[in-house]
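Novice: Could you have a look at this structure, given as structure tokens, before my questions?
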Number of protein chains: 2
Amino acid sequence: MMSFLKRLRTSQKKSGSLLCIGLDTDAALIPRHLGRSAGAVLSFNRRIIDATHDLVCAYKLNLAFYEALGDRGWRIIEKTLEHIPRGIVTIGDGKRGDIGNTAERYATSLFDELGFDAATVNPYMGYDSIEPFLRYNDRGVFLLALTSNRGSRDFQRLRVNGRPLYERVVQSAVRWNAKKNIGLVVGATHPKELRRVRALAPEMPILIPGIGKQGGDLKSAVLFGCTKRGDLAIINASRSIIYASRGKDFAAAARREAIKLRDEINRCKNI
Amino acid sequence: MMSFLKRLRTSQKKSGSLLCIGLDTDAALIPRHLGRSAGAVLSFNRRIIDATHDLVCAYKLNLAFYEALGDRGWRIIEKTLEHIPRGIVTIGDGKRGDIGNTAERYATSLFDELGFDAATVNPYMGYDSIEPFLRYNDRGVFLLALTSNRGSRDFQRLRVNGRPLYERVVQSAVRWNAKKNIGLVVGATHPKELRRVRALAPEMPILIPGIGKQGGDLKSAVLFGCTKRGDLAIINASRSIIYASRGKDFAAAARREAIKLRDEINRCKNI
């Protein structure tokens, strides 16, 4: 059984890419000619995956967009995952978090039933809400540390003994990481803080959303997000790639955007 | 359009009950004779609702247990909600929380599509992750403040300027409550802190899990959780009621437990 860390490193090495494409697929935003049904979302995802799978280390599925499809959402997730070539890391982005017996259910759904390689988890409820996910040695568990949105100021940056709360989350993550399967989420909108997080957790995967529409800085995301070996930063882009064109050329346009971003990332690595 | 606060008060007054039954229905724990299918979960829920609906002010559905049913889970939620008599408050307990455009999706799923009266939301990502839920004037949004589990110590109790983080969440909730549709979640396992939360938020609904299997103290949950008018505390019990018997008499046993607990709650109110 390959550890998550190893699997991620292998995927990044093989693809030569730190790019993760976020399949936040909104039935209302996909090209009109596909229609607006749940089936259209699946066709869209398959076409995007076909056009980009050699350019990415990971795909991230934002579960909210699939839940919005009602009872068909679950199957669309399953069928989308089936379409992603083995070796590429899949992240179930649901930011779950609940007491132990409930967290177990969420872990079962995401890891056993749907078969995601990794999941995002909200740390607010503490260790016993995270531990059921950590039992899966070979899966990654990305804890929200400092998120990309404005609201990250409201609580995540509050000072606890002179240090911001999100650093406390990072320190706990390092302490809880006996199985080397914890990762962190830090928004590209916070470059200085990302650097600090990388210093506190030198060998942890960091999922970095917030470039593109959210305005985060790519260069610092890459420079500060990577380990000394130049990996384990996962640079996520969703809307800027998957909606690059709303016409019949959407898949080709997504490929062009993904190549551009992958190459920009790699140039940043070599500065 | 009746406000959530009004709706909850009406339901508590009409039922003469602060009890909320948690339908955390686990296919593996329901009576054997029903089977283990998703359909069995629905039959179980319907029987529990038939047997208890005159005893409660609310039902809470823990979404993790339905997600664990895969693609049928969504329909089981819909059909369970259809079976709950109008006027009884329904709470979708998913503890969601994400950036604005994603939180919108979760709110749409829970409020528009499934039609829950209220939802639980994780506050860690701050105001813009909560605001899409708050737009629904007539629905309740329960923010996690101090949860019932052990892990509540890890972050929720950390001191921020001399006060615990969860108090900061409560203060923010009071500030953000322009539409009077915010509620709080405080575990019955923290009686002193519940009293303090009620003082900070004298007119907010407080959802109180953690009695029963989790060991919280009922008397203080009721005394400290209620407003001066003696309402707006929602005392949740799940496993101790729905699994009161594993035999064919499960519905009658659930009714007995629910009556017992409702009456105990009402006795505590009158101390």
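Novice: Once you average over the residues of B:143-155, how many Cβ atoms of partner chains fall within 10 Å of each Cβ?
Specialist: Working: counts 0, 5, 0, 0, 8, 2, 11, 7, 13, 6, 3, 12, 11.
Neighbouring Cβ atoms belonging to other protein chains average 6 per residue here.
Novice: On to the next question. How long are the three semi-axes of the equivalent ellipsoid for the range A:88-128, computed from the Cα gyration tensor as the root of 5 times each eigenvalue, in whole Å, largest first? It would help to have the intermediate numbers written out before the result.
Specialist: Details: eigenvalues 66, 28, 8 Å².
Listed largest to smallest, the semi-axes of the range A:88-128 are 18, 12, 6 Å.
Novice: Next question, about the same structure. Residue by residue through the range B:230-235, which ³J(HN,Hα) values in whole Hz follow from phi under the Karplus form 6.51 cos²θ - 1.76 cosθ + 1.60 (θ = phi - 60°), with glycine and proline marked x?
Specialist: For the range B:230-235, the Karplus-derived couplings read x, 9, 6, 8, 10, 8 Hz, x marking Gly and Pro.
Novice: Also, I was wondering about something else. Just how large is the dipole of the protein assembly as shown about the Cα centre, in debye to the nearest 20, putting +1 at every Lys and Arg Cβ and -1 at every Asp and Glu Cβ?
Specialist: Around 1080 debye, computed over the protein assembly as shown.
Novice: Using the Cα centre of the range A:4-269 as origin and beta-carbon charges of +1 (Lys, Arg) and -1 (Asp, Glu), tell me which of A:LEU200, A:SER109, A:LEU223 is placed farthest towards the positive end of the dipole.
Specialist: Of the options given, the answer is A:LEU223.
Novice: Suppose you put the label 7 Å out from Cα in the Cβ direction; list, shortest first and in nm with one decimal, how far A:MET2 is from each other copy's label.
Specialist: 5.7
Novice: Straight distance only, please: which lysines reach the Cα of B:LYS179 with their own Cα at less than 29 Å, same-chain residues fewer than 8 apart left out?
Specialist: Leaving aside lysines fewer than 8 places away in the same chain, those within reach of B:LYS179 are A:LYS95, B:LYS6, B:LYS13, B:LYS14, B:LYS60, B:LYS95, B:LYS192, B:LYS228, B:LYS269.
Novice: When the dipole is taken about the Cα centre of chain A, and only Lys, Arg (+1) and Asp, Glu (-1) are charged at their Cβ, what size is it in debye, to the nearest 20? Each step should come with its number before you reach the end.
Specialist: Numbers: 45 positive and 27 negative charges, 189 e Å.
Computed charge dipole of chain A: roughly 900 debye.
Novice: Where the label is 7 Å out from Cα toward Cβ, how close does B:LYS192 come to the same position in every other copy, in nm, shortest first?
Specialist: 3.7
Novice: Right, something else. With the Cα gyration tensor of the protein assembly as shown giving a ≥ b ≥ c as the square roots of its eigenvalues, does the rule (a/c under 1.5 for rounded; else a/b larger than b/c for prolate; else oblate) give rounded, prolate or oblate?
Specialist: Values: a/c = 1.94, a/b = 1.53, b/c = 1.27.
Prolate.
Novice: Which of B:VAL169, B:ALA188, B:GLY140 sits closest to the plus end of the dipole of chain B, meaning its Cα is farthest towards the positive end, when Lys and Arg get +1 and Asp and Glu get -1 on the C-beta?
Specialist: B:ALA188
Novice: Kindly rank A:43-55, B:231-243 from highest to lowest mean number of other beta carbons found within 10 Å of each residue.
Specialist: Details: A:43-55: 19.4, B:231-243: 24.3.
Taking the mean over residues of other Cβ atoms within 10 Å, the ranking is B:231-243, A:43-55.
Novice: Would you pull out the residues with amide H under 5 Å of B:LEU143's amide H, same chain only if 5 or more places away, H placed 1.01 Å from N?
Specialist: Amide H neighbours of B:LEU143, under 5 Å, 5+ apart: B:VAL121, B:GLY183, B:LEU184, B:VAL185.
Novice: Using a Gaussian network model of chain A with C-alpha springs under 10 Å, which one of A:ALA40, A:ALA254, A:ALA119 is most mobile by mean-square fluctuation?
Specialist: With Cα springs under 10 Å in chain A, the top fluctuation among A:ALA40, A:ALA254, A:ALA119 is at A:ALA40.
Novice: 7 Å along Cα→Cβ for the label point: how many nanometres lie between B:ARG229 and each equivalent label in the other copies, listed shortest first?
Specialist: In nanometres, ordered from closest: 6.2.
Novice: Counting partner chain Cβ atoms within 10 Å of every residue's Cβ in A:61-70, what's the average? Could you put the intermediate results ahead of the total?
Specialist: Values: counts 0, 5, 7, 12, 5, 2, 12, 9, 4, 7.
Across A:61-70, the average partner-chain Cβ count within 10 Å equals 6.
Novice: For the range A:1-41 and the range B:22-75, what is the separation of their Cα centres, given in Å?
Specialist: Value for the Cα centre distance between the two parts: 33 Å.
Novice: Under a GNM of chain A (C-alpha, springs under 10 Å), which listed residue has the highest mean-square fluctuation: A:VAL222, A:VAL174, A:VAL185?
Specialist: A:VAL174
Novice: While we're here: List every residue whose amide H lies under 5 Å from the amide H of A:LYS60, counting only residues 5 or more places away in sequence or on a different chain, with H placed 1.01 Å from N in the peptide plane.
Specialist: For A:LYS60, whose amide H was placed from the backbone, the distant partners under 5 Å are A:ILE21, A:GLY22, A:LEU23, A:ILE91.
Novice: Report the rotationally averaged projected area of the range B:4-266 based on its alpha-carbon convex hull, in square nanometres. Write out the running numbers ahead of the final one.
Specialist: Numbers: hull surface 50.8 nm².
Answer in nm², one decimal: 12.7.
Read-outs: derived from the displayed coordinates by stated rules, not from any lab. This one's a predicted model, so the numbers in the text were calculated from it and none came from an experiment. In this analysis, Cβ positions are derived from the backbone assuming ideal geometry, glycine residues included, and neighbour counts consider all displayed protein chains.
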